[in-house]
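See below for the structure under consideration.
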Amino acid sequence: MSSEIFSAPASLSHRPLDAASHPAAAPGPAAGTGPVLWACTGLRHAVPGAEEPLFGGMDLCIAPGATLLRGGDGRGKTTLLRIMAGQLHPRQGRIDATARDVFWIDPRSDGAEGGGPEPQQTPEDWWAAQAARRPGWSADALAAHVRGFGLAEHAGKRMEQLSTGTRRKVLLAAGLASGAALVLVDEPVAGLDRASIAYLRQCLRDVVAAASTSASPAGGTAVVVAHYDTLGDVPWTQRVDLGD
């Protein structure tokens with residue numbers, strides 16, 4: 001577990017965190033009670049040139065289950081995901097991270113620069129590369145998600161040949177099969193068809209159910225979704241409202 005304090009020298013510790021006792025444990029009505037995979041206390045961050053900060057002292061903890069970061073455009077959803085992924089350092093605050101494997105690919109990024117597939121790469125080749133570098137990767141889970149998202153006919157095509165929605169589904173299938181402790185998903189339904197949205201909702205319900213029944217003290221999977229609404233009937237473990 002690592003701890004970082006920004007606007008002060010960084011510190012490291014190896015103290016186990018628990019969602020019931022961490023000071024940032026109650027950001028929403030259904031916050032988890034399991035081990036904390038990521039947490040922040042007093043998080044402050046502002047976009048250069050902005051009059052108001054995006055976060056003015058946020059306390060938040062992420063435990064196994066499904067967390068929704070809900071907010072309108074420009075409210076900091078993607079910024080918060082990037083901070084969770086370690087891509088962006090906040091201006092101030094303490095961050096505790098226990099998740100050693102994080103899946104984050106900005107769907108707006110261009111190819112491998114953002115960790116995603118190259119334009120000339122096929123989904124099946126990129127998935128194989130992900131499997132080789134992720135110890136928790138599940139081939140069975142990937143096969144299920146390929147079926148669920150209707151990706152079988154696209155797996156051998158180049159990424160540059162695929163629609164925006166299909167490219168998003170390639171990333172979603174990888175994230176859900178990655179076995180990462182922390183899976184970060186930004187605006188997941190952009191370009192998706194109704195059947196794929198319904199399948200994604202079912203996947204999120206499964207994540208919530210797995211977290212609520214897991215007896216493992218070592219942790220589980222936390223999926224953090226940034227979106228402008230609640231995605232229908234998903235029983236989120238936690239909802240974080242960033243405003244409209």
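Largest first, what is the accessible-area ranking of ASP244, ASP233, ASP106, ASP96 with a 1.4 Å probe?
Numbers: ASP244 140, ASP233 105, ASP106 35, ASP96 0 Å².
Reading off the accessible areas and sorting them downward yields ASP244, ASP233, ASP106, ASP96.
Summing charges over neighbours of PRO119, with a neighbour being any other residue whose Cβ is under 9 Å away from its Cβ, gives -2 when K and R count +1 and D and E count -1.
In square nanometres, what is one fourth of the surface area of the convex hull spanned by the alpha carbons of the stretch 140-237? All intermediate terms of the calculation are to be shown ahead of the outcome.
Numbers: hull surface 26.1 nm².
Averaged projected area of the stretch 140-237's Cα convex hull equals 6.5 nm².
Can you give the extra length, in nm with one decimal, that the chain gains between GLU160 and ASP101 once fully stretched, where that is 0.36 nm per residue apart less the Cα-Cα distance?
On the way: separation 59, 0.36 × 59 = 21.24 nm, distance 2.80 nm.
Extending this stretch completely gives an extra 18.4 nm.
Note on the stretch 29-109: semi-axes of the ellipsoid equivalent to its C-alpha gyration tensor, largest first and rounded to whole Å, are 21, 15, 13.
The values are calculated or read from the model by the stated rules, or taken from the named source; none is laboratory data. Keep in mind it's a predicted model, so treat the numbers as computed, not measured. Counting neighbours? That spans all protein chains shown, and the Cβs are built from the backbone with ideal geometry, glycine included. Please note that ligands, DNA and RNA were not included when accessible areas were found on the heavy atoms of the full protein model with its side chains. Shrake-Rupley method; radii C 1.70, N 1.55, O 1.52, S 1.80 Å.
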